[in-house]
Every structure is written in C-alpha cells, then in structure tokens.
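Comments concern the structure below.
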Amino acid sequence: MTALADKIVEPLTKESKSPSTDEIKELLNEIPSWKVNYSVEGKFYYLERKFKCSEYSAVLAFHNTVAELAETVQHHPEMITEYHYLTVKWWSHSVGGLHLNDFIMAAKCDEIYNTV
C-alpha cells in the first residue's frame, strides 16, 4: 500500500483548493501510471488511467469494485468500460479540477487493480 492510498478522502468545503504544480508532481510520483489531462471543453485538469484486464468479466468486476469504493466516500469517477479495458478519470467538481482526494482515489484504484 502506498502512503497516498492510506489517506482518507475528506469532504470538500468552500476553502478546499487544488494542489500546486509542484505538489501535483510529487503526488504523481506515487501513482506513476496515471497522467494529468486537460479537458478543453470543461477547462479543468483531471487524472486518467487506462487499465487492461484479461477478459470482460474482469473489467466488470474491477469497474464494480471501484464504483463501490467511490460510493462509500461519495467521490465518483468517470469510467469507460470496454472489452479488455477500464478507463478511470478523477477530478473534483467543487474545486474545478484536481484535489488531493483525486490522487488518493487513483492510488486506491491501483491497489484494487493489483488484486484482481
């Protein structure tokens, strides 16, 4: 388990802020398979990773496990389910982009993936 995956997702408030560019670089060191992308139409940054699974049933099981985790912390990703792949995107609407919670959830996704 990474230190990031051990952290707790906190409810966001009006005072919640996005991490700085330097903080984002540090956080990405703990989740190197994830990349930061920019949504041109939404004008915000988000984390994205495409996971490969051996078969469709494994993709569905992974998808459902991530969805269950997301529901427990009330922080939900965008997920795209394909035959051998699950693409997961994390961002925080209330801060208009990335928040520490997104990095925590990405790290937790990595741990789930390593067990399926």
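The values are calculated or read from the model by the stated rules, or taken from the named source; none is laboratory data. Quantities reported herein were computed from a predicted structural model and do not represent experimental measurements. In this analysis, Cβ positions are derived from the backbone assuming ideal geometry, glycine residues included, and neighbour counts consider all displayed protein chains. Ligands, DNA and RNA are excluded from the accessible area calculation, which covers all protein heavy atoms including side chains. Shrake-Rupley method; radii C 1.70, N 1.55, O 1.52, S 1.80 Å.
Odds and ends about this structure:
- Within straight-line reach of K14, meaning a Cα separation under 20 Å, sit the following lysines at least 8 residues removed in sequence or on another chain: K43.
- Relative contact order of the chain, pairs being alpha-carbon contacts under 8 Å that are 6 or more residues apart, as %: 35 percent
- Solvent-accessible area per residue for the chain (1.4 angstrom probe, square angstrom): 59 Å²
- Positive-end residue of V59, T13, F44, charge dipole of segment 1-89 with Cβ unit charges: F44
- Mean-position separation - Cα centroids, segment 1-28 and segment 61-116, in angstrom: 14 Å
- All-pairs Cα distance distribution in segment 1-112, expressed in whole percent, bin size 10 Å: 14, 48, 32, 6, 0
- For the chain, a simple Cβ point-charge model (Lys and Arg +1, Asp and Glu -1, everything else neutral) yields a dipole of about 240 debye relative to the Cα centre.
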